[in-house]
Amino acid sequence: MATLIEGKRIVAKIGSALLVDADTGELRADWLGGLAEDVAWLRAQGKDVILVSSGSIALGRGLLGLGRDALSLEQSQAAAAVGQIRLARAYEEALAAHGILTAQVLVTLEDTENRRRFLNSRATLETLLSMGAVPIVNENDSVATDEIRYGDNDRLASRVAMSVWADRLVLLSDVDGFYTASPVIDPAAQRFDTITEITAEIQAMAGDAASGLSKGGMVTKLAAARTAMASGCAMAITLGNVARPLRALQDGANATWFLPTANPRIARKGWIGAMKARGRIRLDDGAIAALRDGRSLLPAGVRGVTGRFGRGDPVAICRSVDGAELGIGLIRYSSDETRKIAGHRSDEIAEILGYPGRAVLIHRDDMAL
């Protein structure tokens, strides 16, 4: 069985019911304080931590006096806009007590399905982590419509984990794992300690969300597990409504771990390597040697560009002398931009393009050789 502490980069998903009291609509400050202690404990051991948090609508509706009735889309967006400020401040204050800097990152479904936006959000998260901040990620409910919404933060959390190569994802839930049937309905239901493959039988145990038989949102949690496992990340479902839930998980609290077959970096390289190239770039011997030494590709080493591609598209990495294909990578500039800066130093990019850009053409993490 996996353990939390073995992870180097940990994403934890927090639902609204854990953060906001259903009766009063008030923030559960004591519970959040315990979570902040957990984050500080993990960070003290050199772990990167990202929190994917619901709660903005639940907090905002109370502040706006909207009661418990179903909200219209416009009311939900208004509640999110008000609640997001309160939620961000609550996290900031709770983590600042441990000397931890927080950052707010709001995303929509489009941000992880559009390759360019995916790279942008990933770069932002990576930079925040490298600078010692704890990103607090939430769906941008104040602007998202049904067409561009996740609708649940389980899947959002799995996409975030995939984008930053996390090796642990924890869904803090109202149930302590995945069961053979709903433990509320069937007292004989048994909890799985580990799951290594999501079979049709396992899927059937989750119930059918469309028929209202889903137990505790298990359909969306299995969808999150599929994404996590495919990206090499181990995922746990465990009870969140306890003091210091992440520490409790490490100390042996009931949970179900979904285990991948590869680590995140190998899984990501395989994902990139399977893509169909939209164009080709030809490199000189110096650039090729740098790539084989584990470095990123700079524009100075590019000797030719063919095809049309956009930022974030996969391009074939080729040898200039004979055109032999060496691998594939996700490029950070369009084909037109790449042609303009090819052969130039990174510090010349702003002058050539007329606006500042990234120093790297293809980051080493975004290529498979």
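The values are calculated or read from the model by the stated rules, or taken from the named source; none is laboratory data. Worth saying up front: this structure is predicted, and the values here are computed from it rather than measured. Because the Cβ atoms are built from the backbone with ideal geometry, glycine has one as well, and the counts that use them run over all protein chains shown.
Summary of values
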read-out: Qualifying position, being within 18 Å of the chain's Cα centre (by Cα) and in a helix (DSSP H, G or I), among Val11, Val49, Val39; value: Val39
read-out: Residue pairs meeting the criteria (Cβ under 6 Å; at least 6 apart or on separate chains; first surrounded by fewer than 17 Cβ atoms within 10 Å (Cβ to Cβ), in the stretch 128-148; second modelled with pLDDT under 95 and among the polar types (S, T, N, Q)); value: Ile148/Thr108
read-out: Which listed residue, of Ala236, Ala230, Ala181, is under 21 Å from the mean Cα position of the chain (by Cα), surrounded by 14 or more Cβ atoms within 10 Å (Cβ to Cβ) and modelled with pLDDT under 90; value: Ala230
read-out: Residue list for the stretch 86-134, filter: within 27 Å of Arg244 (Cα to Cα), among the hydrophobic types (A, V, I, L, M, F, W, C) and assigned to a helix (DSSP H, G or I); value: Leu87, Ala88, Ala90, Ala94, Leu95, Ala96, Leu125, Leu128, Leu129
read-out: Subset tally (residues that are touching a residue at least 60 places away in the same chain (Cβ under 8 Å) and not in a helix (DSSP H, G or I)) for the stretch 242-268; value: 11
read-out: Enumeration of residues in the stretch 14-36 that are crowded, with 17+ Cβ neighbours inside 10 Å, over 17 Å from the mean Cα position of the chain (by Cα) and assigned to a loop (DSSP other than H, G, I, E, B); value: Gly25, Arg28
read-out: Residue satisfying condition, being at pLDDT below 95, among the aliphatic types (A, V, I, L, M), over 30 Å from Tyr333 (Cβ atoms) and in the same structural domain as Gln45 (by TED's automatic domain parsing), within set Val107, Val82; value: Val82
read-out: Tabulated pairs, the stretch 10-30, first closer than 9 Å to Gly62 by Cβ, second among the small types (Gly, Ala, Ser), C-beta under 8 angstrom, 6+ apart or interchain; value: Val20/Gly55; Val20/Ala58; Val20/Gly62; Thr24/Gly62; Gly25/Ala58; Gly25/Gly62; Glu26/Gly62
